[in-house]
Structures are given as C-alpha cells and as structure tokens.
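Visitor: Before I ask anything, let me first share the structure, which is written out below as structure tokens.
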Amino acid sequence: FEVTCVQLGSPHCVIPVPDGPADEALARTVGAAVRDHAMFPGRINVELLDVIDRETLRIEIFERGAGYTLASGSSACAAAVAAHALNLTGSRVTVRMPGGEVQVGIGEDGGVTLTGVVRPVLQGRWAPGIGQRLSEGALA
C-alpha cells in the first residue's frame, strides 16, 4: 500500500485501496498494523480509502484510541484532503462511511469544511454520583 499522512489536529494515515472495496476485516487487520507501527510512536488513525468517483469517497476507519469505528468527522476530512492532494478528487466530495455520510469541502486556503446530518445513536442516564467521580478524576 502507498499511504498519505495528514495532520488535522490528530494524525491520520490514509491508504487508498486500489483493488477495493475495503471492508471491516481489512480495516481491522491493516488498521491495527499501521496504528501500532514503530514509525508512529504516538499511534495514528487509519483510513482505508475507496475512490468511487471524483465527487465520492468511501472509507473504513480504524482509530488509534477506539479501534474500528463506523464514522468519524476528522477521518472523513483526512480522507478528503489526502484524495484531493493526490488529485483523485475535486475540492468538494461526499465521504461515505458505514455509519453515514458527510460532505467535505477544501478551500483554496487549505481550510476544511465538514457538513452532515446529526443522528442520535444512544440515549441514557448517568448513574448517581458519576458526575462527582468524573470531576474528581476517579474514572480517568
């Protein structure tokens, strides 16, 4: 694989998959190997990239802290920036992920804009006392 690494507040390693499409199994295997590679001592987020066309990307995500992930705004932006830098896309793309899709725009100044729909995925209640324990750092 050839990779493109970008920094968007956190480090990302974008890997175009020439014989795509990438899937969860490949993301877990390649993602863990790249994330834990000695080249990235602080670990790195990994995106496997399928270029559908010049306006559409599809990614599978393996985050450095969470592992396999269904959707990530920073991962979508990293994939769009890398694809644009490689001249695979224009400056506005739709990025599809297993958990949904977003639109990413790249400005002439290099600024990145992320647009998408927010959907609740979980609703719950904190256990009594959890706020106090969090503020005391007891759960860190």
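This table checks each residue for (1) within 15 Å of VAL95 (Cβ to Cβ); (2) of a type in the set (Lys, Arg); (3) surrounded by 13 or more Cβ atoms within 10 Å (Cβ to Cβ); (4) without any contact (Cβ under 8 Å) to a residue 24 or more places away in the chain.
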site: PRO18; (1), (2), (3), (4): no, no, no, yes
site: PRO21; (1), (2), (3), (4): yes, no, no, no
site: GLU24; (1), (2), (3), (4): no, no, yes, no
site: MET39; (1), (2), (3), (4): no, no, no, yes
site: LEU57; (1), (2), (3), (4): yes, no, yes, no
site: PHE62; (1), (2), (3), (4): no, no, yes, no
site: CYS77; (1), (2), (3), (4): yes, no, yes, no
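Visitor: Return the residues of segment 87-114 that are out of contact with any Asp or Glu (no Cβ under 9 Å at 6 or more places or on another chain) and not in a strand (DSSP E or B); say none if nothing qualifies.
Guide: Selection gives ASN87, LEU88, GLY99, GLY107, GLU108, ASP109, GLY110, GLY111.
Visitor: Ok, one more. Name the single residue, out of those in segment 79-91 being crowded, with 16+ Cβ neighbours inside 10 Å and of a type in the set (Gly, Ala, Ser), that is nearest to GLY107 (Cα to Cα).
Guide: Here the residue is ALA80.
Visitor: Testing VAL51 on (1) under 19 Å from THR113 (Cα atoms); (2) among the aliphatic types (A, V, I, L, M); (3) in a strand (DSSP E or B); (4) out of contact with any Asp or Glu (no Cβ under 6 Å at 6 or more places or on another chain), one condition comes back false. Which one is that?
Guide: Among (1) under 19 Å from THR113 (Cα atoms); (2) among the aliphatic types (A, V, I, L, M); (3) in a strand (DSSP E or B); (4) out of contact with any Asp or Glu (no Cβ under 6 Å at 6 or more places or on another chain), VAL51 violates only (1).
All of the numbers you see were taken from the coordinates with simple rules; none came from a lab. Treat the numbers as computed from the prediction; the structure is a model and nothing was measured. Glycine also receives a Cβ, built like all others from the backbone with ideal geometry; neighbour counts cover every protein chain displayed.
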